[in-house]
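The values are calculated or read from the model by the stated rules, or taken from the named source; none is laboratory data. Keep in mind that this is a model prediction, so the values were computed, not measured. Note that each Cβ is placed from the backbone with ideal geometry, even for glycine, and that neighbours are counted across all protein chains shown. What goes into the accessible areas is simple: the full protein's heavy atoms, side chains included, and nothing from ligands, DNA or RNA. Shrake-Rupley method; radii C 1.70, N 1.55, O 1.52, S 1.80 Å.
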Amino acid sequence: MIAAVASSHASSSGASSVYLILIACVGLGLWALVDVIIRPKQDFQAAGKSKALWVVLLVVGFLFAGLLAGLFAIIYLATVRPKVRGASLPVGR
């Protein structure tokens, strides 16, 4: 009896961890998608990146799985966003 209770608690704990990871991935994906949408196309061009590609990747990531959107978001936020932001800053900064 105690083993059954412990087993059900462990499985519900595991499920809640998966939900937390999924929520985090969806949140990161939304942040990245909004960031891509609000940045001017010229900033992407100046950084040598494609705005359309990142919009498509993030939307497709949401359509197939929230985890995929999270992966694309991490890649965008860690590698592309700093270059695009740097391209939009004035030269004197």
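Packing here is the average count of other Cβ atoms within 10 Å per residue, and on that basis the peptides 76-82, 25-31, highest first, run 25-31, 76-82.
Across the accessible surface of region 39-85, with the other protein chains kept in place and a 1.4 Å probe, carbon and sulfur atoms take up 68 percent.
When each of the peptides 35-41, 15-21 is scored by how many other beta carbons lie within 10 Å of its residues on average, the order from highest to lowest is 35-41, 15-21. In this simple spin-label model, placing a label point 7 Å from the Cα along the Cα-to-Cβ direction at both Q42 and L71 gives a separation of 3.6 nm.
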